[in-house]
1. Beta carbons within 10 angstrom, averaged per residue: use that to sort the peptides A:119-129, A:67-77, A:27-37, highest first.
2. Dipole magnitude of chain B about its Cα centre, charges +1 at Lys/Arg Cβ and -1 at Asp/Glu Cβ only, in debye to the nearest 20?
3. Just by accessible area at a 1.4 angstrom probe, what is the order of A:HIS99, A:HIS13 from largest to smallest?
4. Specify whether the C-alpha gyration tensor of the protein assembly as shown places it in the rounded, prolate or oblate class, a ≥ b ≥ c being the square roots of the eigenvalues: rounded for a/c under 1.5, otherwise prolate if a/b is larger than b/c and oblate if not.
5. Chain pair A, B: how much accessible area is buried, both chains summed, with a 1.4 Å probe, in Å² to 100?
6. Probe 1.4 Å, all protein chains in place: accessible area of B:LYS136 in Å², nearest 10?
7. Just counting partner chain Cβ atoms within 10 Å, what average do the residues of peptide B:65-76 show around their Cβ?
8. For A:CYS89, what accessible surface area do you get with a 1.4 Å probe? Give it in Å², rounded to 10.
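The values are calculated or read from the model by the stated rules, or taken from the named source; none is laboratory data. In this text, all values refer to a predicted model and were calculated from it rather than measured experimentally. Cβ placement follows ideal geometry from the backbone for every residue including glycine, while neighbour counts extend to all protein chains displayed. For accessibility, only protein heavy atoms count, side chains too; no ligands or nucleic acids. Shrake-Rupley method; radii C 1.70, N 1.55, O 1.52, S 1.80 Å.
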2 protein chains.
Amino acid sequence: MTFPSSPVGFLLHDAARLMRRRFEQRAAALGFTRAQWQVLLHLSRNEGIHQAGLADILEVEPISLVRILDKLQARGLVERRQDAGDRRCWRLHLTADAHPSLALLQDIGEDTRAEALSGFSDAERDTLVGTLSRLKSNLVDACTKPAIDDEAQHG
Amino acid sequence: MTFPSSPVGFLLHDAARLMRRRFEQRAAALGFTRAQWQVLLHLSRNEGIHQAGLADILEVEPISLVRILDKLQARGLVERRQDAGDRRCWRLHLTADAHPSLALLQDIGEDTRAEALSGFSDAERDTLVGTLSRLKSNLVDACTKPAIDDEAQHG
DNA sequence: GGGAGATCATAAGCATGTCTATGATCGACA
DNA sequence: TGTCGATCATAGACATGCTTATGATCTCCC
(Lines give C-alpha, C1' and ligand atoms only; values in the text may rest on other atoms or scores of the structure.)
Protein backbone atom coordinates (compact mmCIF):
# COMPACT_ATOMS: atom_id res chain seq x y z
CA MET A 1 0.00 0.00 0.00
CA THR A 2 1.46 3.32 -1.03
CA PHE A 3 0.30 5.46 1.79
CA PRO A 4 1.18 9.14 1.72
CA SER A 5 4.59 9.30 3.35
CA SER A 6 4.25 7.93 6.87
CA PRO A 7 0.80 7.91 8.42
CA VAL A 8 2.14 8.75 11.84
CA GLY A 9 -0.92 10.73 12.85
CA PHE A 10 -3.41 8.05 11.90
CA LEU A 11 -1.35 5.31 13.52
CA LEU A 12 -1.00 7.33 16.67
CA HIS A 13 -4.67 8.06 16.84
CA ASP A 14 -5.70 4.48 16.10
CA ALA A 15 -3.32 3.02 18.67
CA ALA A 16 -4.46 5.45 21.33
CA ARG A 17 -8.12 4.79 20.59
CA LEU A 18 -7.69 1.03 20.69
CA MET A 19 -5.76 1.23 23.94
CA ARG A 20 -8.54 3.34 25.43
CA ARG A 21 -11.12 0.90 24.15
CA ARG A 22 -9.27 -2.02 25.71
CA PHE A 23 -8.80 -0.22 29.01
CA GLU A 24 -12.47 0.66 29.17
CA GLN A 25 -13.57 -2.85 28.30
CA ARG A 26 -12.14 -3.70 31.71
CA ALA A 27 -12.79 -0.50 33.64
CA ALA A 28 -16.44 -0.29 32.61
CA ALA A 29 -17.20 -2.86 35.29
CA LEU A 30 -15.96 -0.34 37.85
CA GLY A 31 -17.72 2.54 36.12
CA PHE A 32 -14.56 4.42 35.19
CA THR A 33 -13.15 5.79 31.96
CA ARG A 34 -9.56 6.32 30.87
CA ALA A 35 -9.88 10.07 31.29
CA GLN A 36 -11.21 9.74 34.83
CA TRP A 37 -8.30 7.49 35.69
CA GLN A 38 -5.82 10.01 34.32
CA VAL A 39 -7.38 12.79 36.37
CA LEU A 40 -7.39 10.71 39.57
CA LEU A 41 -3.78 9.68 39.03
CA HIS A 42 -2.44 13.17 38.47
CA LEU A 43 -4.51 14.46 41.32
CA SER A 44 -2.99 11.89 43.66
CA ARG A 45 0.40 13.34 42.78
CA ASN A 46 -0.68 16.97 42.98
CA GLU A 47 -3.04 17.25 45.94
CA GLY A 48 -4.37 20.78 46.35
CA ILE A 49 -3.72 21.90 42.79
CA HIS A 50 -6.31 24.11 41.15
CA GLN A 51 -8.15 23.27 37.97
CA ALA A 52 -6.14 25.45 35.62
CA GLY A 53 -2.93 23.94 36.95
CA LEU A 54 -4.19 20.42 36.45
CA ALA A 55 -5.39 21.28 32.96
CA ASP A 56 -1.92 22.56 32.23
CA ILE A 57 -0.28 19.34 33.40
CA LEU A 58 -2.69 17.27 31.35
CA GLU A 59 -2.28 19.56 28.32
CA VAL A 60 -6.04 19.87 27.96
CA GLU A 61 -8.27 22.93 27.98
CA PRO A 62 -9.64 23.75 31.43
CA ILE A 63 -13.21 23.32 30.23
CA SER A 64 -12.42 19.72 29.28
CA LEU A 65 -11.74 18.99 32.92
CA VAL A 66 -14.87 20.47 34.43
CA ARG A 67 -17.31 17.69 33.64
CA ILE A 68 -14.86 14.97 34.57
CA LEU A 69 -14.32 16.60 37.96
CA ASP A 70 -18.09 17.10 38.33
CA LYS A 71 -18.62 13.36 37.95
CA LEU A 72 -15.78 12.39 40.25
CA GLN A 73 -17.01 14.86 42.83
CA ALA A 74 -20.58 13.54 42.55
CA ARG A 75 -19.21 10.06 43.26
CA GLY A 76 -17.42 11.34 46.32
CA LEU A 77 -13.91 10.71 45.01
CA VAL A 78 -12.81 14.32 44.62
CA GLU A 79 -13.34 17.41 46.74
CA ARG A 80 -13.31 21.02 45.56
CA ARG A 81 -12.19 23.26 48.40
CA GLN A 82 -12.38 27.02 48.18
CA ASP A 83 -9.00 28.68 47.99
CA ALA A 84 -8.26 30.88 51.01
CA GLY A 85 -6.79 33.78 49.09
CA ASP A 86 -8.48 33.66 45.69
CA ARG A 87 -12.20 33.26 45.47
CA ARG A 88 -12.04 32.30 41.80
CA CYS A 89 -10.08 29.12 42.54
CA TRP A 90 -11.01 25.67 43.74
CA ARG A 91 -8.32 23.52 45.31
CA LEU A 92 -8.71 19.87 44.31
CA HIS A 93 -8.27 16.96 46.70
CA LEU A 94 -8.83 13.22 46.51
CA THR A 95 -11.04 11.74 49.19
CA ALA A 96 -10.05 8.62 51.09
CA ASP A 97 -12.56 6.68 48.99
CA ALA A 98 -10.60 7.42 45.84
CA HIS A 99 -7.50 5.47 46.72
CA PRO A 100 -8.83 1.91 46.45
CA SER A 101 -10.42 2.70 43.09
CA LEU A 102 -7.21 4.28 41.89
CA ALA A 103 -5.29 1.16 42.82
CA LEU A 104 -7.70 -1.01 40.86
CA LEU A 105 -7.44 1.27 37.86
CA GLN A 106 -3.65 1.11 38.02
CA ASP A 107 -3.87 -2.68 37.84
CA ILE A 108 -6.14 -2.50 34.82
CA GLY A 109 -3.75 -0.03 33.26
CA GLU A 110 -0.88 -2.44 33.80
CA ASP A 111 -2.80 -5.29 32.18
CA THR A 112 -3.70 -3.16 29.19
CA ARG A 113 -0.17 -1.87 28.79
CA ALA A 114 1.16 -5.42 28.95
CA GLU A 115 -1.18 -6.46 26.15
CA ALA A 116 -0.25 -3.47 24.02
CA LEU A 117 3.48 -4.01 24.52
CA SER A 118 3.36 -7.75 24.12
CA GLY A 119 6.53 -8.87 22.35
CA PHE A 120 8.36 -5.59 23.01
CA SER A 121 11.74 -5.56 24.69
CA ASP A 122 12.41 -3.14 27.52
CA ALA A 123 14.64 -1.16 25.17
CA GLU A 124 11.91 -0.93 22.56
CA ARG A 125 9.45 0.24 25.15
CA ASP A 126 11.86 2.87 26.43
CA THR A 127 12.57 4.08 22.91
CA LEU A 128 8.85 4.38 22.27
CA VAL A 129 8.34 6.37 25.45
CA GLY A 130 11.22 8.68 24.58
CA THR A 131 10.02 9.17 21.03
CA LEU A 132 6.45 9.89 22.06
CA SER A 133 7.67 12.37 24.65
CA ARG A 134 9.59 14.31 22.04
CA LEU A 135 6.65 14.19 19.67
CA LYS A 136 4.31 15.44 22.36
CA SER A 137 6.71 18.21 23.26
CA ASN A 138 6.93 19.30 19.62
CA LEU A 139 3.15 19.43 19.42
CA VAL A 140 2.74 21.35 22.66
CA ASP A 141 5.02 24.00 21.18
CA ALA A 142 3.33 23.92 17.80
CA CYS A 143 -0.18 24.30 19.20
CA THR A 144 0.67 27.68 20.67
CA LYS A 145 1.70 29.03 17.27
CA PRO A 146 -0.77 30.53 14.82
CA ALA A 147 -2.34 27.95 12.58
CA ILE A 148 -1.41 29.59 9.32
CA ASP A 149 -1.10 27.35 6.34
CA ASP A 150 2.66 27.29 6.13
CA GLU A 151 3.43 30.81 4.98
CA ALA A 152 4.05 34.32 6.28
CA GLN A 153 5.74 33.12 9.46
CA HIS A 154 9.26 32.56 8.14
CA GLY A 155 10.69 35.44 10.17
CA MET B 1 8.83 11.99 38.76
CA THR B 2 8.27 8.37 39.68
CA PHE B 3 5.49 7.48 37.31
CA PRO B 4 4.05 3.98 37.45
CA SER B 5 6.26 2.00 35.09
CA SER B 6 5.99 3.59 31.66
CA PRO B 7 2.98 5.73 30.95
CA VAL B 8 2.74 4.53 27.36
CA GLY B 9 -1.03 4.81 27.22
CA PHE B 10 -1.17 8.36 28.51
CA LEU B 11 1.65 9.48 26.26
CA LEU B 12 0.04 7.87 23.27
CA HIS B 13 -3.30 9.44 24.00
CA ASP B 14 -1.85 12.88 24.69
CA ALA B 15 0.28 12.87 21.56
CA ALA B 16 -2.65 11.76 19.41
CA ARG B 17 -4.94 14.38 20.92
CA LEU B 18 -2.42 17.17 20.44
CA MET B 19 -1.78 16.13 16.86
CA ARG B 20 -5.51 16.17 16.20
CA ARG B 21 -5.80 19.56 17.84
CA ARG B 22 -3.01 20.96 15.69
CA PHE B 23 -4.44 19.48 12.52
CA GLU B 24 -7.85 20.92 13.26
CA GLN B 25 -6.45 24.34 14.09
CA ARG B 26 -5.60 24.44 10.39
CA ALA B 27 -8.41 22.39 8.91
CA ALA B 28 -11.15 24.28 10.75
CA ALA B 29 -10.83 27.02 8.13
CA LEU B 30 -11.93 24.44 5.55
CA GLY B 31 -14.59 23.01 7.86
CA PHE B 32 -13.03 19.58 8.18
CA THR B 33 -12.00 17.39 11.09
CA ARG B 34 -9.27 14.79 11.36
CA ALA B 35 -11.81 11.97 11.29
CA GLN B 36 -13.45 13.29 8.14
CA TRP B 37 -10.05 13.47 6.49
CA GLN B 38 -9.29 9.88 7.43
CA VAL B 39 -12.61 8.71 5.99
CA LEU B 40 -12.11 10.63 2.74
CA LEU B 41 -8.58 9.31 2.38
CA HIS B 42 -9.46 5.67 2.87
CA LEU B 43 -12.47 6.06 0.65
CA SER B 44 -10.30 7.42 -2.13
CA ARG B 45 -8.31 4.22 -1.96
CA ASN B 46 -11.31 1.95 -1.66
CA GLU B 47 -13.98 3.33 -3.97
CA GLY B 48 -17.17 1.30 -3.82
CA ILE B 49 -16.52 -0.27 -0.42
CA HIS B 50 -19.48 -0.67 1.91
CA GLN B 51 -19.70 0.83 5.36
CA ALA B 52 -18.90 -2.28 7.32
CA GLY B 53 -15.79 -2.84 5.21
CA LEU B 54 -14.60 0.69 5.73
CA ALA B 55 -15.26 0.43 9.46
CA ASP B 56 -13.16 -2.70 9.48
CA ILE B 57 -10.25 -0.97 7.73
CA LEU B 58 -10.45 1.94 10.14
CA GLU B 59 -10.80 -0.40 13.14
CA VAL B 60 -13.83 1.51 14.38
CA GLU B 61 -17.36 0.37 15.06
CA PRO B 62 -19.68 0.80 12.07
CA ILE B 63 -21.92 3.14 14.02
CA SER B 64 -18.99 5.50 14.52
CA LEU B 65 -18.84 6.00 10.78
CA VAL B 66 -22.49 6.76 10.12
CA ARG B 67 -22.60 10.37 11.23
CA ILE B 68 -19.30 11.21 9.57
CA LEU B 69 -20.60 9.83 6.29
CA ASP B 70 -23.89 11.66 6.82
CA LYS B 71 -22.04 14.96 7.04
CA LEU B 72 -19.77 14.26 4.09
CA GLN B 73 -22.76 13.20 2.03
CA ALA B 74 -24.70 16.33 3.03
CA ARG B 75 -21.76 18.39 1.78
CA GLY B 76 -21.80 16.56 -1.52
CA LEU B 77 -18.41 14.89 -1.06
CA VAL B 78 -19.57 11.31 -0.67
CA GLU B 79 -22.27 9.30 -2.41
CA ARG B 80 -24.10 6.27 -1.02
CA ARG B 81 -25.17 4.04 -3.90
CA GLN B 82 -27.48 1.10 -3.38
CA ASP B 83 -25.78 -2.24 -3.83
CA ALA B 84 -27.16 -4.19 -6.78
CA GLY B 85 -27.29 -7.55 -5.04
CA ASP B 86 -27.79 -6.74 -1.37
CA ARG B 87 -30.41 -4.24 -0.35
CA ARG B 88 -28.91 -3.84 3.11
CA CYS B 89 -25.67 -2.37 1.74
CA TRP B 90 -24.63 1.04 0.54
CA ARG B 91 -21.61 1.32 -1.73
CA LEU B 92 -19.57 4.41 -0.92
CA HIS B 93 -18.04 6.69 -3.55
CA LEU B 94 -16.25 10.02 -3.50
CA THR B 95 -17.71 12.71 -5.71
CA ALA B 96 -15.54 14.81 -8.00
CA ASP B 97 -15.88 17.68 -5.52
CA ALA B 98 -14.10 15.67 -2.85
CA HIS B 99 -10.74 15.49 -4.55
CA PRO B 100 -9.63 19.13 -4.25
CA SER B 101 -10.58 19.15 -0.56
CA LEU B 102 -8.74 15.91 -0.01
CA ALA B 103 -5.61 17.37 -1.59
CA LEU B 104 -5.78 20.39 0.71
CA LEU B 105 -6.24 18.15 3.74
CA GLN B 106 -3.25 16.08 2.70
CA ASP B 107 -1.15 19.25 2.64
CA ILE B 108 -2.35 20.20 6.11
CA GLY B 109 -1.58 16.70 7.26
CA GLU B 110 1.95 17.00 5.90
CA ASP B 111 2.48 20.29 7.70
CA THR B 112 1.21 18.86 10.96
CA ARG B 113 3.29 15.73 10.65
CA ALA B 114 6.37 17.83 9.92
CA GLU B 115 5.79 19.83 13.10
CA ALA B 116 5.24 16.71 15.17
CA LEU B 117 8.35 15.01 13.81
CA SER B 118 10.55 18.06 13.95
CA GLY B 119 14.06 16.98 14.87
CA PHE B 120 13.42 13.31 14.05
CA SER B 121 15.66 11.43 11.65
CA ASP B 122 14.11 9.29 8.93
CA ALA B 123 15.22 6.23 10.83
CA GLU B 124 13.56 7.43 14.01
CA ARG B 125 10.36 8.12 12.15
CA ASP B 126 10.41 4.68 10.55
CA THR B 127 11.07 3.04 13.90
CA LEU B 128 8.13 4.91 15.38
CA VAL B 129 5.85 3.84 12.56
CA GLY B 130 6.95 0.25 12.93
CA THR B 131 6.53 0.27 16.68
CA LEU B 132 3.10 1.85 16.55
CA SER B 133 2.01 -0.66 13.93
CA ARG B 134 2.97 -3.55 16.18
CA LEU B 135 1.29 -1.92 19.15
CA LYS B 136 -1.87 -1.36 17.15
CA SER B 137 -1.83 -4.93 15.95
CA ASN B 138 -1.47 -6.21 19.51
CA LEU B 139 -4.45 -4.13 20.57
CA VAL B 140 -6.64 -5.19 17.66
CA ASP B 141 -6.07 -8.77 18.78
CA ALA B 142 -6.57 -7.98 22.45
CA CYS B 143 -9.84 -6.13 21.93
CA THR B 144 -11.49 -9.25 20.56
CA LYS B 145 -10.72 -11.19 23.72
CA PRO B 146 -12.96 -11.14 26.78
CA ALA B 147 -12.17 -8.30 29.12
CA ILE B 148 -11.66 -10.41 32.18
CA ASP B 149 -9.33 -9.05 34.79
CA ASP B 150 -6.37 -11.25 34.01
CA GLU B 151 -7.52 -14.66 35.10
CA ALA B 152 -9.45 -17.71 33.96
CA GLN B 153 -8.32 -17.50 30.33
CA HIS B 154 -4.99 -19.28 30.60
CA GLY B 155 -6.12 -22.22 28.46
C1' DG C 1 -39.90 -23.26 0.74
C1' DG C 2 -39.50 -21.56 5.16
C1' DG C 3 -37.60 -20.41 9.54
C1' DA C 4 -33.27 -19.27 12.52
C1' DG C 5 -29.55 -16.78 12.99
C1' DA C 6 -26.08 -13.66 10.92
C1' DT C 7 -25.16 -9.23 8.96
C1' DC C 8 -26.04 -4.30 7.36
C1' DA C 9 -27.16 0.26 8.56
C1' DT C 10 -28.72 3.08 11.96
C1' DA C 11 -30.80 5.16 16.52
C1' DA C 12 -30.37 6.48 21.54
C1' DG C 13 -27.60 7.72 25.17
C1' DC C 14 -23.29 8.74 27.33
C1' DA C 15 -18.28 10.43 27.81
C1' DT C 16 -14.62 13.31 26.14
C1' DG C 17 -12.56 16.88 23.65
C1' DT C 18 -12.69 21.26 21.16
C1' DC C 19 -14.23 26.28 20.25
C1' DT C 20 -16.31 30.43 21.71
C1' DA C 21 -18.45 33.09 25.31
C1' DT C 22 -19.62 34.75 30.13
C1' DG C 23 -19.55 36.16 34.92
C1' DA C 24 -16.73 36.67 38.92
C1' DT C 25 -12.61 38.04 40.79
C1' DC C 26 -7.82 39.55 40.92
C1' DG C 27 -3.90 42.58 40.02
C1' DA C 28 -1.64 46.34 38.18
C1' DC C 29 -1.38 50.88 36.85
C1' DA C 30 -3.07 55.64 36.36
C1' DT D 1 -9.15 54.68 44.46
C1' DG D 2 -10.99 53.16 40.43
C1' DT D 3 -10.83 51.14 36.14
C1' DC D 4 -9.07 47.88 32.68
C1' DG D 5 -7.19 43.77 31.29
C1' DA D 6 -5.91 39.04 32.78
C1' DT D 7 -7.33 34.84 34.86
C1' DC D 8 -10.53 31.19 36.97
C1' DA D 9 -14.35 28.29 36.42
C1' DT D 10 -17.98 27.13 33.69
C1' DA D 11 -22.02 27.08 29.98
C1' DG D 12 -23.47 26.00 25.13
C1' DA D 13 -22.84 23.82 20.93
C1' DC D 14 -20.56 20.63 18.15
C1' DA D 15 -17.79 16.30 16.59
C1' DT D 16 -16.27 11.72 17.67
C1' DG D 17 -16.18 7.34 19.84
C1' DC D 18 -18.29 3.69 22.48
C1' DT D 19 -22.17 0.26 24.17
C1' DT D 20 -26.55 -1.43 23.48
C1' DA D 21 -30.66 -2.03 20.71
C1' DT D 22 -33.63 -2.32 16.37
C1' DG D 23 -35.46 -3.20 11.77
C1' DA D 24 -34.46 -4.91 7.28
C1' DT D 25 -32.45 -8.23 4.65
C1' DC D 26 -29.65 -12.18 3.52
C1' DT D 27 -27.99 -17.06 4.04
C1' DC D 28 -27.97 -21.43 5.38
C1' DC D 29 -29.89 -25.53 6.39
C1' DC D 30 -33.74 -28.58 7.22
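1. The most tightly packed comes first, giving A:27-37, A:67-77, A:119-129.
2. Details: 20 positive and 22 negative charges, 110 e Å.
Around 520 debye, computed over chain B.
3. Largest accessible area first, the list is A:HIS99, A:HIS13.
4. prolate
5. Its buried surface, counting both partners, is about 6400 Å².
6. Result for B:LYS136: roughly 40 Å² accessible.
7. Partner Cβ neighbours, averaged per residue: 0.
8. Result for A:CYS89: roughly 20 Å² accessible.
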